[in-house]
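J.: Let me give you the structure first, and then I'll get to my questions.
The values are calculated or read from the model by the stated rules, or taken from the named source; none is laboratory data. If you're wondering where the values come from, they're calculated on a predicted model, not measured in any experiment. Note that we place each Cβ from the backbone using ideal geometry, even for glycine, and neighbour counts take in every protein chain shown.
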Amino acid sequence: MRIFIEAVGIAGPGLNGWREARAVLSGAASHVHADTTIAPILLLPPAERRRAGAVVRLAVGVGLDALAEAGRPAAEMATVFASSGSDGETIHQMLSVLTTDPRAMSPTRFHNSVHNAPSGYWAVATGSREPSTSLCAFDDSFLAGLVDATAQSITEARPVTLIAYDMPYPPPLHQSRPIVGAFAVALVLVANDHARTIGCLDIGAPGNDRSDHPTPTPMSVPALEHLRAGNPAARCLPLLARMARGEAGHVLLNGAAGSTLDIHFSPRGTS
Amino acid sequence: MFPLTLGHACIVSAIGEGQAATVSALRAGTSGLAPCRLQSVDLPIWVGEIPALDDLRLDPQFAGFDCRNNRLAELALRQDGFLAAASAAVARHGADRIGLFLGTSTSGIQQAEHAYRARDRLTGELPGWFDYARTQSTYSLARYLRARLGVVGPSMVVSCACASTAKAFANAARMIAAGRCDAAIVGGADSLCLTTLYGFQSLQLNAEGPCRPFDIARSGISIGEAAGFVLLENPSTDWTSAELDVRILGIGESNDAHHMSSPHPEGAGALLAMQRALAAAGLRADEIDYVNLHGTATRAGDDAEDRAVFALFGDRTHVGSTKGHTGHTLGAAGIVEAIIAMLSIRHGLRPGSPCTQRLDPSLRSRYAIAPTATPIARVMSNSFGFGGNNCSLILGGR
């Protein structure tokens, strides 16, 4: 499958915004740790703005950044949200309340606990009635989201924005499911090339579990490799690094059950 | 992208294990709802419980997956010859050419509820037996089916609250159309847990007594647990078997863009999803014989859906909700009702609404309380969820 990329949104430790991240990932600037920027969603009405948790703000924020960069109205955009764990803080609070007597659950916390909460807030913020799906493939959630969004864009001939995001769980869930850093990425995907695309991805045939498994492409900077290996959404980093360098070539991303999937990036004008 | 053959299917819900038991209950108008007996639940609610899950054991090699949700998935897989059908599909297509597109809302979170009650008093740590990846994780269901069925194609779990397993059909259809797989296993499971029982209670959406869709005295939902799976293939694959007589003709998705947990009051997003499904199928509204509603029996939800359905179908088309049979099975509602739609077509049966007594006169769609034997060629099945997700499926006979 071939898909063209119009714009990137990104938020991560020392990777806040595509301009900063592009400099770091291309090697033009060194990576300096800084907390992930998680801003309020100004498009939301005040009540919803207060209810939107950090995961929602992280995911919606990178999506809006990418669409602003692409110059596309969010209201007309189909979306795919991909995450392993969604809102761990809310889930922890809810599980804690359920051990008490009475089990005084908060209605806001309950509706924020659904896996598709960022997608729901996104629709309220942008007014988009276009299809939006929310999926999970554990550590491989970014890749599953990329393949799903690409298939949707190609088969339905429409632009689709992929938003992948994951944040650490608080203790004690963190010990059972350690996730590194707060990281989110958004890619605006279109099926046909035009003057404003960054380049295209050729997504290889599905990997299978029978052959030898080449290891996924690592990051050369240790802090970024730590992030890539530890946050499901950050599995995209080797791909973003190619895009930042504007350099054609292959990357191998983790697929399900130890397999890898080959993705080839071609900068605009070279494919 | 359409049609797609919806062939082998398995189902389990509070009205029975397997297709035959499900059809019998639909014909007889039997409700699977009963007062909640789940341990330690002190709510005056009715639920659609499957007691067999308490004693069900997974094969020892899959013991790490043990939780109520994966037991529920396992119970469904054991029905209707599905395991053999899945093996045959693996032999026919190759394990890497079959995708898994599953849905759930809460997955195995009940296991985390247990683990939180067993936290170490001093350190707060969770007990050593707790296995996040294989139970609580939203992806646990797909991980279990991969291991259980030996399917290694593309896999994902869609978690769009109560629209999850309806929307999973759309993911599967796109991936088959894009050539990423040749066949797909679509479906999912959602099991009873404190999270949803107390969560819906906090939103004041649980009914007193059994849920009564479209009733003037309806007061909310009754949560049920259920699982179902279907094998979805291109019609070119094998279109001769009498069992493979139902197809997915179209799917429509939309979002309300209104509120996290309340439907758009006019049903604007629901209407859009139904219109998109008709457009994808190339059908007019009057070519649909029966609409299986989302119809959860909340005041606002039934009202909004009625407005949208009436705007599209007027009072000509028969509509109904089967939530009074199964309860609202949350993330599994899409697959349960897709299979009920398939059974309606195959058996010439329009289901009724067992707990509904007196229809709300302010709702204008043609709602049927009694089950009726009648030929049915095409069914629309609606599933809507938190976060404003709407999905309509259209199924049709040969």
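J.: Identify all residues within segment A:139-156 that are surrounded by fewer than 24 Cβ atoms within 10 Å (Cβ to Cβ) and either at the interface with chain B (Cβ under 7 Å from one of its Cβ atoms) or in contact with a His (Cβ under 8 Å, 6 or more places away or on another chain) (or both); write none if there are none. Before the answer, list the steps.
T.: Let us first name the residues in segment A:139-156 that are surrounded by fewer than 24 Cβ atoms within 10 Å (Cβ to Cβ), namely A:139, A:154-156.
Scanning segment A:139-156 gives A:I154, A:T155.
J.: Which residue is surrounded by the most Cβ atoms within 10 Å (Cβ to Cβ), if the candidates are limited to segment B:211-224 and must be out of contact with any helix residue (DSSP H, G or I) (no Cβ under 6 Å at 6 or more places or on another chain) and away from every other protein chain (no Cβ under 14 Å)?
T.: B:S222
J.: Filter segment B:373-398 for residues that are within 14 Å of another protein chain (Cβ to nearest Cβ) and assigned to a strand (DSSP E or B); which is nearest to the chain's Cα centre (by Cα)? First the steps, then the outcome.
T.: So the first thing to find is which residues in segment B:373-398 are within 14 Å of another protein chain (Cβ to nearest Cβ), and the list is B:383-393.
Among the residues that remain, those that are also assigned to a strand (DSSP E or B) are: B:383-384, B:389-393.
Numbers: B:S383: 8, B:F384: 11, B:N389: 14, B:N390: 13, B:C391: 11, B:S392: 12, B:L393: 12 Å.
Here the residue is B:S383.
J.: Further question: Give segment A:106-125 a look and list any residue that's within 7 Å of chain B (Cβ to nearest Cβ), in contact with a strand residue (DSSP E or B) (Cβ under 8 Å, 6 or more places away or on another chain) and part of a helix (DSSP H, G or I), or say none.
T.: A:S119, A:G120, A:A123, listed by residue number.
J.: Hey, any hits in segment B:175-196 for a residue that's more than 14 Å from chain A (Cβ to nearest Cβ), surrounded by fewer than 23 Cβ atoms within 10 Å (Cβ to Cβ) and acidic (D, E)?
T.: To start, the set of residues in segment B:175-196 that are more than 14 Å from chain A (Cβ to nearest Cβ) comprises B:185, B:187, B:189, B:191.
Checking which are surrounded by fewer than 23 Cβ atoms within 10 Å (Cβ to Cβ) leaves us with none.
No, every residue in segment B:175-196 fails to be more than 14 Å from chain A (Cβ to nearest Cβ), surrounded by fewer than 23 Cβ atoms within 10 Å (Cβ to Cβ) and acidic (D, E).
J.: Would you point out the residue of segment B:197-210, among those that are more than 10 Å from chain A (Cβ to nearest Cβ) and in a loop (DSSP other than H, G, I, E, B), that is surrounded by the most Cβ atoms within 10 Å (Cβ to Cβ)? Break it down stepwise before answering.
T.: Filtering segment B:197-210 for residues more than 10 Å from chain A (Cβ to nearest Cβ) gives B:206-210.
Add one more test, that the residue is in a loop (DSSP other than H, G, I, E, B), and what stays is B:207-208, B:210.
Working: B:A207: 27, B:E208: 12, B:P210: 22.
So the residue we want is B:A207.
J.: Among helices (runs of 4 or more DSSP H) lying entirely in segment B:86-194, which contain 3 or more residues that are more than 22 Å from A:L143 (Cβ to Cβ) and touching a Leu at 6+ places or on another chain (Cβ under 7 Å)? Show your work before the answer.
T.: Numbers: elements: B:109-117, B:140-149, B:164-177.
By residue number, B:109-117.
J.: Somewhere in segment B:211-223, is a residue at pLDDT 95 or above, part of a loop (DSSP other than H, G, I, E, B) and among the aromatic types (F, W, Y)? Explain how you work it out, then say what you get.
T.: Of the residues in segment B:211-223, the ones at pLDDT 95 or above are B:211-223.
From what's left, part of a loop (DSSP other than H, G, I, E, B): B:211-214, B:216-220, B:222.
Remaining after also requiring among the aromatic types (F, W, Y): B:214.
Yes.
J.: Taking the residues in segment A:94-105 that are within 7 Å of chain B (Cβ to nearest Cβ) and assigned to a helix (DSSP H, G or I) as candidates, determine which candidate is surrounded by the fewest Cβ atoms within 10 Å (Cβ to Cβ). Working first, answer last.
T.: So in segment A:94-105, the residues within 7 Å of chain B (Cβ to nearest Cβ) come out as A:94-96, A:98-99, A:103, A:105.
Filter once more, so that each one left must be assigned to a helix (DSSP H, G or I): A:94-96.
Details: A:M94: 26, A:L95: 23, A:S96: 13.
Result: A:S96.
J.: Return the total of residues in segment A:7-56 being more than 20 Å from A:R235 (Cα to Cα) and among the acidic types (D, E).
T.: Number of matching residues: 1.
J.: I'd like the full set of residues that are in contact with a Phe, Trp or Tyr (Cβ under 9 Å, 6 or more places away or on another chain) and not in a loop (DSSP other than H, G, I, E, B), limited to segment A:20-56.
T.: A:E48, A:R51, A:V55, A:V56
J.: Would you please name the residue that is farthest from A:H250 (Cα to Cα), looking only at residues in segment A:175-201 that are without any contact (Cβ under 8 Å) to a residue 12 or more places away in the chain and surrounded by fewer than 18 Cβ atoms within 10 Å (Cβ to Cβ)?
T.: Going through segment A:175-201, the residues without any contact (Cβ under 8 Å) to a residue 12 or more places away in the chain turn out to be A:175-176, A:195.
Narrowing further to those that are surrounded by fewer than 18 Cβ atoms within 10 Å (Cβ to Cβ): A:175, A:195.
Details: A:Q175: 34, A:A195: 23 Å.
This residue is A:Q175.
J.: If the Cβ limit is 7 Å and pairs must be 6+ apart or interchain, which residue in segment B:196-210 that is under 17 Å from B:S105 (Cα atoms) pairs with which residue that is of a type in the set (V, I, T) and surrounded by fewer than 20 Cβ atoms within 10 Å (Cβ to Cβ)?
T.: B:L197/B:V41
J.: For B:L58, work out the one condition from (1) outside any helix (DSSP H, G or I); (2) farther than 22 Å from B:T138 by Cβ; (3) modelled with pLDDT of 95 or more it doesn't fulfil.
T.: Status for B:L58: all satisfied but (2).
Results for (1) crowded, with 19+ Cβ neighbours inside 10 Å; (2) more than 30 Å from B:R180 (Cβ to Cβ); (3) touching a residue at least 24 places away in the same chain (Cβ under 8 Å), shown as yes or no for each residue.
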residue	(1), (2), (3)
B:N69	yes, no, yes
B:A73	yes, no, yes
B:L83	no, no, yes
B:R92	no, no, yes
B:S105	yes, no, yes
B:Q110	yes, yes, yes
B:A118	no, yes, no
B:V151	yes, no, yes
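J.: Looking only at segment B:104-124, count how many residues are within 7 Å of chain A (Cβ to nearest Cβ) and under 24 Å from A:V114 (Cα atoms). Write out each step before concluding.
T.: As a first pass, look at segment B:104-124 and keep what is within 7 Å of chain A (Cβ to nearest Cβ): B:105, B:112-113, B:116-117, B:119, B:124.
Narrowing the set further to residues that are under 24 Å from A:V114 (Cα atoms) leaves B:105, B:112-113, B:116-117, B:119.
Of the residues in segment B:104-124, 6 are within 7 Å of chain A (Cβ to nearest Cβ) and under 24 Å from A:V114 (Cα atoms).
J.: Is it true that A:V60 is surrounded by 24 or more Cβ atoms within 10 Å (Cβ to Cβ), more than 9 Å from chain B (Cβ to nearest Cβ) and among the hydrophobic types (A, V, I, L, M, F, W, C)? Working first, answer last.
T.: Values: surrounded by 24 or more Cβ atoms within 10 Å (Cβ to Cβ): yes; more than 9 Å from chain B (Cβ to nearest Cβ): yes; among the hydrophobic types (A, V, I, L, M, F, W, C): yes.
In short, yes.
J.: Considering each residue of segment B:275-309, count those that are more than 20 Å from B:H328 (Cα to Cα), in contact with a strand residue (DSSP E or B) (Cβ under 8 Å, 6 or more places away or on another chain), in contact (Cβ under 8 Å) with a residue 40 or more places away in the chain and assigned to a helix (DSSP H, G or I), and give that number.
T.: Residues flagged as more than 20 Å from B:H328 (Cα to Cα), in contact with a strand residue (DSSP E or B) (Cβ under 8 Å, 6 or more places away or on another chain), in contact (Cβ under 8 Å) with a residue 40 or more places away in the chain and assigned to a helix (DSSP H, G or I) within segment B:275-309 amount to 6.
J.: Residue under question is B:A133, and the condition is that it be within 9 Å of chain A (Cβ to nearest Cβ), aliphatic (A, V, I, L, M), touching a helix residue (DSSP H, G or I) at 6+ places or on another chain (Cβ under 8 Å) and surrounded by 24 or more Cβ atoms within 10 Å (Cβ to Cβ); does it hold? Break it down stepwise before answering.
T.: Working: within 9 Å of chain A (Cβ to nearest Cβ): yes; aliphatic (A, V, I, L, M): yes; touching a helix residue (DSSP H, G or I) at 6+ places or on another chain (Cβ under 8 Å): yes; surrounded by 24 or more Cβ atoms within 10 Å (Cβ to Cβ): no.
Considered against the rule, which asks whether it is within 9 Å of chain A (Cβ to nearest Cβ), aliphatic (A, V, I, L, M), touching a helix residue (DSSP H, G or I) at 6+ places or on another chain (Cβ under 8 Å) and surrounded by 24 or more Cβ atoms within 10 Å (Cβ to Cβ), B:A133 comes out as no.
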